[in-house]
1. For region 148-172, give me each residue that is buried (at least 22 other Cβ atoms within 10 Å of the Cβ) and outside any helix (DSSP H, G or I).
2. Please specify each residue of region 151-169 satisfying the condition of being among the hydrophobic types (A, V, I, L, M, F, W, C) and under 13 Å from F347 (Cβ atoms).
3. Checking D113 against (1) of a type in the set (D, E, K, R); (2) in contact with a strand residue (DSSP E or B) (Cβ under 8 Å, 6 or more places away or on another chain); (3) over 23 Å from N261 (Cα atoms), which test does it fail?
4. What pairs can you find where one residue is in region 208-222 and touching a residue at least 24 places away in the same chain (Cβ under 8 Å) and within 20 Å of S277 (Cβ to Cβ), the other is among the basic types (K, R) and surrounded by fewer than 20 Cβ atoms within 10 Å (Cβ to Cβ), and their Cβ atoms are less than 8 Å apart, with a gap of 6+ or different chains?
5. Could you tell me how many of the residues in region 98-122 are outside any loop (DSSP other than H, G, I, E, B) and under 17 Å from S297 (Cα atoms)?
6. Select, from E466, E445, the only residue that is surrounded by fewer than 23 Cβ atoms within 10 Å (Cβ to Cβ), farther than 30 Å from G375 by Cβ and not small (G, A, S).
7. Please go through region 387-422 and pick out each residue that is assigned to a helix (DSSP H, G or I) and in contact (Cβ under 8 Å) with a residue 40 or more places away in the chain.
8. Out of the residues in region 423-462 that are more than 38 Å from the chain's Cα centre (by Cα) and part of a loop (DSSP other than H, G, I, E, B), which is nearest to Y340 (Cα to Cα)?
Amino acid sequence: MKQSVQSLKSMPEWHALVEHHQATRDVHMLEQFNLDENRFDRFSISLDSILFDYSKNRIDQTTIELLSKLAIACKLPEQIMAMFNGEKINTTEQRAVLHTALRYQGTAALMVDGVDVHAEVKNELQRIKPLCSKIRSGNWLGATGKPITDVVNIGIGGSHLGPQMLTEALKPFAAKNLNMHFVANIDENQIDDTLQNLNADTTLFIVCSKTFTTQETMLNANTARDWFLAQIPDETQLAKHFVAVSTNLEAALSFGIEPQNIFTMWDWVGGRYSLWSAIGLSVMIAIGMGNFEQLLSGAYEVDQHFKTEPYEKNIPVLMGLLGIWYNNFYNAEAIAVLPYSQHLHRFPAYLQQADMESNGKSITLDGQSTDYSTGPILFGELGNPGQHAFYQLLHQGTKLVPIDVLVSLSNISGESKHQDALMSNILAQTEALMRGKNKQEVKVELQAANLTEQQIEELSPHKVFEGNRPSNTFLFDQLDPKTLGSLIAMYEHKIFVQGVIWNINSFDQWGVELGKQLATKILVELEGSNTALTQSSHDSSTSGLIAHYMSHRK
Ligand code: F6P
């Protein structure tokens, strides 16, 4: 349990940052670059093949020192140790938070409730290995004796976003004889579209759900089961085509899955932190265990870095502190994550859950309402197409949106003229955001285009960019499993750092419960015929929409 700390805004470390912000908020980054030719060296860090450049931020050395002091005053060092040591820091659920144990590469034991979790993790990976290699080698035979050609992961939230993001990101490492599919949406169109091109006798379903009670997943899994039995009407064949990942052994067994094909995880892993566990089964099947182990080792390297590096050299800590700086002192409401590598196209969606489900909280660990802003709105898209869509707001809008850009320096499929063009775009965008364009520069440009003085006067305000818009840049040698493991772990720890400073529980998600409860209640009403009940128990909008639905549904 975290020792009670002084309320955040009354801390002297907070006040020092308020004053520092007042004193520096009008400083333009361009001036700072002009004054300090070593700014890039000062504010960039390399870890293995990843370069993290945070020099294009509205900071100086003092900013980092003051933010670090705040983190220390908020007991970040103690909280990091508490998490890694398996203390029950998820206090509302009385659970340890041990996604780091899933990628631990050493030999020490870690006891939680009398059980060595490191040994448990290793055992489960050993159990998965034969299944994985049998499917990949074509030796796992379906109901008619044919090898598996298609794998469908049925899950939602953390049981979907992480595995899907990884499978897409690591496509160049995937087995060519297997097609991977992901179904999450309760809208039948997704599972219908997926199943229409598949054959039951060559398809393997992974029912992926920590709880095995999630409405969307169970409905989709039952639809898949019905589809399978319609083609192969023999329940004894289900075992060759359905496997599960869950902590709920009983429910998976009663669904009809064989015990040896149910892989477990633990209540000390949150859904959005679970891709390192058996929840990543689809990824293990796609890229093979060797590559999956590389992913784990990349994350482990960042875990060590996070635990041991001083804060001014600690990438996840700096990521977290920079986020606090903009969120709480510049009142920035949103952040954008903009991968430029095509294969990272699901990375923003994955991070949205990781960040927003973790830090979208307004109650402190002591049960008080926060009087400061917490988790930002995270959005993102592939950066290059995004330039032609929403970047206008990033450059000239009224909102300050700090961005992260990420790109691989080489294309795994080989040299290509696209790579330099890609890099030129990423560099141009972050430079433009930082530098901007002043009125004088605009005038010179318009004079060169032979505009009249009056035209220049009218047009120039629209063409001015104030600049001073922050960005972090992540460059990595290539998008391989180890690098990706490191990147994900950096973001996980960034989220943790911020949760500690905001004194919130980053590991529960009570905010998703109310919608689930109401959906269950409304479903009963939609399936029943008691319209009077429907009318009386809702507001007029919800009742009106229900009535409209009832009268229009086919
Ligand atoms: O509703 C939110 C949530 O509980 C997420 O936290 C979780 O990742 C997702 O649902 C799926 O849960 P499960 O793996 O238990 O099906």
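The values are calculated or read from the model by the stated rules, or taken from the named source; none is laboratory data. This one's a predicted model, so the numbers in the text were calculated from it and none came from an experiment. Because the Cβ atoms are built from the backbone with ideal geometry, glycine has one as well, and the counts that use them run over all protein chains shown.
1. I148, V151, V152, N153, I154, G155, H160, L170
2. L161, M165, L166, A169, listed by residue number.
3. (2)
4. Nothing qualifies.
5. 9
6. When all the criteria are applied, what remains is E445.
7. Selection gives Q387, L394, H395, Q396, L422.
8. Among them, the one singled out is A449.
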